[in-house]
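Bear in mind these aren't lab numbers, they're just calculated from the coordinates by the rules spelled out. Because the structure is a prediction, the values reported are computed rather than measured. Cβ coordinates were reconstructed from backbone atoms using ideal geometry, including for glycine residues, and neighbour counts include every protein chain displayed.
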C-alpha cells in the first residue's frame with residue numbers, strides 16, 4: 001500500500017511557500033500504516049497535472065493532491081481533473097449553502113468567485129471543508145484513489161481529519177507497522193552511529209529499519225518494522241529498541257516524537273513547579289517555544305526579553321560593573337539574569353541566555369555563536385558556555401534546545417538527590 | 001532553461017523533516033532566471049534514485065539533488081551516483097585535509113566514517129563544503145548538469161553560494177526574467193482578485209504572469225515576465241505593476257519580498273525611534289520576529305512576556321480592578337500593558353497583545369481567536385479587537401502581523417501629521 005503526494009502550485013516551485021503539507025500528510029499516513037513513497041511538486045498547468053497523475057496512477061494506490069483550488073483566476077486544477085476523470089462540473093447545493101454560511105460566520109461578503117466553488121465534478125465524492133470554501137474531491141479510477149484538496153494547511157488538515165482518514169481502512173487493506181522513536185539531545189549523528197554500530201547491523205539483518213533523523217541539537221532514532229502479525233512485529237521493535245536504548249542511555253530525553261519542550265513542560269506540570277525566563281540572544285524564542293504548547297500557562301509565568309543592557313540592569317539586577325568588566329555575554333551576567341528573573345517572578349526555576357547570535361557582532365575572544373546559558377534553581381545557579389556556528393536562526397534554536405535540556409537534567413538530578421536523602 | 005530538484009530522504013517522506021531546502025533553491029534560482037519546474041522527493045534506494053535521475057534528465061537542464069550524503073550506514077546515494085555516472089570513488093586528499101581541519105576547528109574527534117567522506121567520484125567536479133564534511137558533486141551528462149549536495153540546509157546553502165551560482169552562467173545561456181512583488185497586508189486573496197480583475201486579464205493577454213502568494217495575514221502579488229530583451233521586459237513589468245498598485249494602494253506595505261517586520265524595522269531605524277513589547281497571547285513570538293533581524297538591537301529595547309496576570313500588574317501597571325471587571329483579554333488591560341511597557345523601557349512606541357490563542361480557553365463572549373492589540377505612541381494609546389480562528393500557531397502569527405501593520409500605519413500617519421503642521 002503506497003501513497004504519493006502531488007503538490008500543485010508555482011508558489012512552492014518559486015520558493016515563496018515552504019511545503020509543510022507533505023510533511024504533515026507523511027507523518028499522519030505513516031501512523032496509519034501507509035508509506036508515502038513519492039512527493040512531487042508541479043505547476044498548475046493542465047499538461048503537468050495530467051502527466052503527474054499518469055505517473056502516480058501506475059506507482060501508487062493512493063494519490064493525495066493539494067493546491068490549485070483557490071478562488072483566483074490562475075487555478076486550472078478543477079477543469080483538468082474533470083477532463084482527466086472524464087466527468088463534468090455540476091452545482092452542489094449543499095456545498096453552496098455551506099460556503100454562504102461560512103461567509104456569514106466570518107462576517108465577510110460572499111463573492112461570485114466563491115459561488116463558483118460549489119461547482120464540483122459529478123463523479124467525485126465531495127469531501128466537506130469546514131474551514132474554507134474549496135471542497136475536497138475523492139475520485140476512484142482503476143485501482144487507485146485520487147484525492148484533491150486545497151493547499152491552505154489548516155483546511156487540508158481539516159479535510160483529512162474530518163473526511164479522509166476514516167474512509168481509508170474500508171477502501172484499503174492496511175498493513176500493520178510498528179515503530180518506536182528514541183529522542184536524543186546534545187549528541188551528533190556520527191557519535192550515535194558509532195555507539196550503536198553493532199546492534200544496528202544485527203537489527204537490519206533481522207529485517208527492521210533504523211533511521212537517523214537529525215534536527216538542530218537533536219537526533220531521533222526511529223526503529224520500525226511492517227508486517228501482518230501485529231503482536232509479533234511490536235515485540236520485535238520493542239526488543240531491538242531496548243538494545244539500542246541501553247547503548248545511548250545518557251543522551252535520551254524522550255520517546256515517540258515528544259519534543260524537548262513537551263518533555264520539560266510535562267516535568268514541570270507533574271511536579272507543580274513554575275518557570276520564568278530572561279532572554280537576550282534568543283530574543284523571545286524560548287518564551288515562544290514554551291507558549292507554543294496549549295496549557296503552558298500552568299507553569300510558565302513570564303519572561304523578560306532584555307535586549308538592551310539597561311533592561312538587564314533595571315529589571316534583572318545585573319550589575320553595571322560586571323557588564324563593563326565582562327560584557328553582556330559572560331558568566332556573571334547570565335547568572336545574574338537567571339537569579340534576577342527567578343526572584344522577580346517568584347518561580348521555582350529560571351532560564352537565562354546571553355550570546356552573539358550573529359551573523360555580526362563577534363570578536364576574536366567572543367566569536368559569533370558564543371552563548372552563555374544560565375539556570376537558577378531553588379538551591380543554586382549555574383551556567384554553561386556554548387560555541388555554535390554562524391547562522392543566526394540556528395544559533396537561536398540550538399541555544400533554546402540546550403537550555404531546555406540543561407533545565408530538564410537539573411530537575412531530574414534534583415529529584416534524584418531528594419529521593420536519595 | 002529548466003531545473004528540477006530531487007530531494008532524497010525518508011525523513012521527508014515520513015514527515016519528520018519539512019523540506020525547506022527546495023523553497024530556498026527555488027527562490028534563489030528564480031532570481032537568476034532559472035525556473036524550477038519540478039520538485040521530487042524520493043527514498044534513498046538505488047532504484048528510486050536511478051528512476052528519478054532518468055526522468056529528470058529528459059525534462060530538465062539542471063538537476064539539483066540534496067540529501068543522502070550523511071555519514072551513517074543508511075546512505076546509498078554516493079554509490080548509486082557512481083554507478084549511474086559510470087565512475088568510481090577515489091580518495092581526495094584536499095577534501096580529507098579540509099574535513100580534518102573542520103573537526104579541529106569545532107574541537108571534536110574525527111572518526112573513520114568522516115574520513116570516508118573524502119572518497120569521491122572520479123568524474124565529478126568536487127564542490128567544497130566549508131560548513132560540514134559531505135562535499136557537493138557536479139556531474140555533466142549529455143546536456144544535463146547534475147549536482148548532488150548534503151541535505152543539511154546551511155551546508156547546502158553554503159555550497160550553492162560558494163560553488164554553484166557562479167558556475168551557472170558560464171554553463172547555461174540564462175534568459176532574463178523581470179519580476180516585481182507587491183506586498184499587501186490585512187486583505188484576502190479574493191478581495192484583491194476582485195479589485196484587480198480587469199487589469200489582471202489585460203496583463204495576462206500582454207504575456208505577463210501574475211501570482212497570488214498568500215500567507216497568514218498577508219498576500220503577495222508577483223508580476224513577472226521572462227525574455228531576452230532585458231530593458232523591454234523590465235519596462236513592461238514596471239508598467240503593469242504601477243497599474244496594479246494603483247488599484248490596491250491602501251493595502252500595500254512593501255515591495256519585493258520585504259517582510260512586514262523588515263519594513264517596520266527600517267521605519268524605526270530611519271527615524272531613530274525605539275520599540276518595546278508587552279506580550280501575553282503571542283507569548284514571545286513578536287519579540288522573536290523582531291530579533292530575527294540582525295541589527296534589531298538598535299531600535300528594539302526589550303519585552304515583557306506577561307503570561308501570568310501577576311506580571312501584568314507588577315511590571316506593567318495593569319489595574320487589578322480592570323483584570324477582575326473586564327478580564328485579561330480586554331481593551332483596558334491591553335492599553336495599560338502598552339503604556340506600561342512603553343514607560344518602563346522608555347521607548348518611542350510600544351506594542352501589546354492579549355488574547356485567547358486556543359485551542360482551549362474560549363467562552364461564548366470571548367471565543368478562541370479573540371485578540372486585543374494595543375499600540376502606545378508619544379501622543380496616544382489605542383487598540384483594536386480581532387477575531388481570528390481556532391489554530392493556535394496561526395492566531396499567534398496573525399496577531400503578530402496585524403500588530404506590526406498597526407504600528408507601521410501609526411508611524412506613517414504621525415509622520416504625515418507632522419509634515420502637514
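Per 0.36 nm of contour for each residue apart, how much would the distance between residue A:176 and residue A:201 grow if the chain were fully extended, relative to their Cα-Cα spacing?
Gain in length upon complete extension: 6.7 nm.
Sorted from largest down, give the three principal axis spans of the alpha carbons of the range A:281-324, whole angstrom values.
40, 18, 12
Roughly speaking, what is the centre-to-centre gap between the range A:180-203 and the range A:315-392 when only Cα atoms are used, to the nearest Å?
32 Å
If you put a point 7 Å past Cα along the Cβ direction, how far is that point for residue A:112 from the same point in each other copy, in nm, smallest first?
Nearest to farthest, the other copies are at 7.3 nm.
For chain B, list log₁₀ I(q)/I(0) at each q in 0.06, 0.09, 0.11 Å⁻¹, using the Debye formula over Cα point scatterers of equal strength and ignoring solvent, two decimals each.
Normalising to I(0) and taking log10 leaves -0.36, -0.76, -1.00.
Put a label point 7 Å from Cα along the Cβ direction on residue A:325, then list its distances to the equivalent points in the other copies in nm, shortest first.
5.0
Under the rule of -39500 (n - 2.57) per DSSP H run of 4 or more residues, summed and divided by the residues of the protein assembly as shown, what mean residue ellipticity at 222 nm is obtained, to the nearest 500 deg cm²/dmol?
Calculated from helices alone, the mean residue ellipticity at 222 nm is -13000 deg cm²/dmol.
How do B:19, A:48 rank when sorted from fewest to most other Cβ atoms within 10 Å of their own Cβ?
A:48, B:19
Just checking the output field for A:24-35: average partner chain Cβ neighbours within 10 Å of each residue's Cβ?
Partner-chain Cβ atoms within 10 Å, mean over residues of A:24-35: 3.
From the alpha carbon gyration tensor of the range B:270-421, can you work out the equivalent ellipsoid semi-axes (sqrt of 5 times each eigenvalue) and give them in Å, largest to smallest?
Equivalent-ellipsoid dimensions as semi-axes: 24, 17, 15 Å.
Would you kindly calculate the mean projected area, averaged across all directions, of the convex hull enclosing the Cα atoms of the protein assembly as shown, in square nanometres?
Across all orientations, the protein assembly as shown yields a mean hull projection of 37.6 nm².
With the crude spin-label approximation of a point 7 Å out along Cα→Cβ, what separation in nm comes out for residue B:239 versus residue B:27?
Taking the two extended label points, one gets 3.1 nm.
Mind checking Rg over Rh on the range B:204-341, alpha carbons, Kirkwood formula for Rh?
Rg/Rh for the range B:204-341 comes to 1.16.
What base-10 log of the normalised intensity I(q)/I(0) is obtained for the range A:274-358 from the Debye formula, alpha carbons as equal point scatterers, at q = 0.12, 0.13, 0.21, 0.25 Å⁻¹?
Values, matching the q order: -0.31, -0.37, -0.89, -1.17.
Please arrange B:62, B:267 by counting, for each residue, the other beta carbons lying within 10 Å of its beta carbon, fewest first.
Fewest to most other Cβ atoms nearby, the residues stand as B:267, B:62.
I'd like the FRET efficiency for residue B:346 and residue B:266, computed as 1/(1 + (r/R0)^6) with the beta carbon distance as r and R0 of 35 Å, rounded to 0.05.
Efficiency for this residue pair is about 0.95.
Using a 10 Å cut-off around each Cβ of peptide B:390-402, what is the average number of partner chain Cβ atoms that fall inside?
Taking the mean over all residues of the peptide, I get 2.
In the P(r) worked out for the range B:1-144, what percent of Cα pairs fall beyond 27 Å?
24 percent
So, R0 is 41 Å and r is the distance between the beta-carbons of residue A:187 and residue A:360; what FRET efficiency does that work out to, to 0.05?
It comes to 0.85.
Chain A: which residue's Cβ hugs the A-to-B rotation axis most tightly, distance rounded to whole Å?
Nearest Cβ to the rotation axis, residue and whole-Å distance: A:284, 2.
So if I restrict to the alpha-carbon atoms in the range A:156-250, what is the Rg, and what is Dmax, the biggest pairwise distance, in Å?
Just the Cα atoms of the range A:156-250 yield Rg and Dmax of 16.2, 45 Å.
Normalized C-alpha radius of gyration of the range A:13-92, against 2.2 N^0.38 Å?
After normalising by residue count via 2.2 N^0.38 Å, the value is 1.20.
Sticking with the crude label model, points 7 Å out along Cα→Cβ, report the distance from residue A:416 to residue B:161 in nm, one decimal please.
4.1 nm
For the range A:72-115, which semi-axes, largest first and in whole Å, follow from the square roots of 5 times the eigenvalues of its Cα gyration tensor?
Taking √(5λ) for each eigenvalue gives 25, 13, 7 Å, largest first.
So if we plug the beta-carbon distance of residue A:379 and residue B:387 into 1/(1 + (r/R0)^6) with R0 = 56 Å, what FRET efficiency do we get, rounded to 0.05?
Rounded to the nearest 0.05, the efficiency is 0.75.
Place the label 7 angstrom along Cα→C-beta at residue A:343 and in each other copy, then list the distances from the first to the rest in nm, shortest first.
Result for residue A:343, in nm, nearest copy first: 2.4.
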